[in-house]
1. Residue by residue through the range 37-75, note down the ones that are touching a strand residue (DSSP E or B) at 6+ places or on another chain (Cβ under 8 Å), closer than 26 Å to VAL173 by Cβ and of a type outside the set (Gly, Ala, Ser).
2. Condition test on ASP238, is it open to solvent by 30 Å² or more (accessible area, probe 1.4 Å), farther than 22 Å from VAL104 by Cβ and in contact (Cβ under 8 Å) with a residue 12 or more places away in the chain?
3. Considering only residues that are free of Cβ contacts under 8 Å to residues at least 60 places away in the same chain and assigned to a loop (DSSP other than H, G, I, E, B), look in the range 107-143 and name the one that is farthest from ASP192 (Cα to Cα).
4. So which pairs qualify, if the first residue must be in the range 257-278 and open to solvent by 60 Å² or more (accessible area, probe 1.4 Å), the second must be basic (Lys, Arg), the Cβ gap must be under 8 Å, and the two must be at least 6 apart or on different chains?
5. Can you spot a residue in the range 79-86 that is open to solvent by less than 80 Å² (accessible area, probe 1.4 Å) and at pLDDT 95 or above?
6. Being in contact with a Gly (Cβ under 7 Å, 6 or more places away or on another chain), under 20 Å from TYR295 (Cα atoms), modelled with pLDDT of 95 or more and aliphatic (A, V, I, L, M), is that true of even one residue in the range 151-167?
7. Given the condition open to solvent by 70 Å² or more (accessible area, probe 1.4 Å), assigned to a loop (DSSP other than H, G, I, E, B) and among the aliphatic types (A, V, I, L, M), answer yes or no: does some residue in the range 166-185 qualify?
8. Please list, ordered by first then second residue, the pairs with beta carbon atoms under 6 Å, 6 or more apart or interchain, first in the range 57-78 and farther than 28 Å from SER166 by Cα, second surrounded by fewer than 16 Cβ atoms within 10 Å (Cβ to Cβ) and at pLDDT below 95.
Amino acid sequence: MRHRWLNNAARTVLVLTAIAWGSLPTGAQTRKPRLVAGCPSTAAAFHPCALAKAKTFNPPRTPDGQPDMQGLWEAPMANGLGNIEGRGRNLDAEYQTGASTSLVVDPPNGAIPYQPWAREQKAENAARYIDPYTHCLPITAPRIMASPRTRQIAQYKDYLTILNESGGHPFRVVYLDGRPHLPADIKLWRGDSRGRWEGNVLVVETTNLSGLAWFGSGGDFFSDALKITERLTLVDADTIDYTATIDDPKVSTAPWTMAFALERNKEDGYEQMEEGCFESDRDTADLLLTGFLTYTGPRFPK
């Protein structure tokens, strides 16, 4: 018997509380303001500081000469992309006072340049729709680089792989051999990623997305026209400056960029945990019972 004595209102509170509890950041994410690679741990301050430090850092190399980014990485600064624009209600005021908690570094006021209808839909998504990741549907960049727990990067001559710990072990294969993207009419949940090295910077372009997922649990969404350009730069041996430029002309008025740090997990003997994400999902059924709707993609104006 699963809480049959609860009425619908109580079930709603129970389910949402459980989801919020499961989404809380770890201790590393809630500690007092700290430094990351000697830089402040807010995106607006960390990103320029990290890029300046990266200019003088000579990264370790793989046998074929690539900067060695292999290992287990966490993203406490990103907070799982639960609220990309930060915790404040007045983004412009936060920007002016230097108190912004937004991950958006371009435009500098920290606001996603949504088209007006899309801004409204983002709020409606959070209020009425189930995040597709709740029922373990695939995620793409940048969320796959920011989700809770670790991701493991492994590098090979012509490709690299990224394997996540949470969410049923979503993974990516990024080809580095110069092959073209898939035909435009092929749409994938995670898209089609192609990478290249620009000096010490790994640049990954992802296209061919289905537009059926969210960037994060706050309802931020995208369309099938999205192009993502990620840039990963080693700042020191244990820190990567990560940025993702979002170019989605169907949803936004201009491209925009978020930034956060990837921090090496150096726990001795750490292993990624197994997770039966689909098998253990109970949230979706409960949310549907309490009136939430299944997300089926952007609801474009008619």
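The values are calculated or read from the model by the stated rules, or taken from the named source; none is laboratory data. These numbers come from a predicted model, not from an experiment. We place every Cβ from the backbone using ideal geometry, glycine too, and count neighbours over all the protein chains shown. Surface accessibility is based on the protein's heavy atoms, side chains included, excluding ligands, DNA and RNA. Shrake-Rupley method; radii C 1.70, N 1.55, O 1.52, S 1.80 Å.
1. Once the filter is applied, which keeps residues that are touching a strand residue (DSSP E or B) at 6+ places or on another chain (Cβ under 8 Å), closer than 26 Å to VAL173 by Cβ and of a type outside the set (Gly, Ala, Ser), the range 37-75 yields PRO59, PRO60, ARG61, THR62, GLN66, PRO67, ASP68, MET69, GLN70, LEU72, TRP73, GLU74.
2. yes
3. ASN109
4. MET273/ARG149
5. yes
6. no
7. Scanning the range 166-185 turns up at least one residue that is open to solvent by 70 Å² or more (accessible area, probe 1.4 Å), assigned to a loop (DSSP other than H, G, I, E, B) and among the aliphatic types (A, V, I, L, M).
8. ASP64/LYS157
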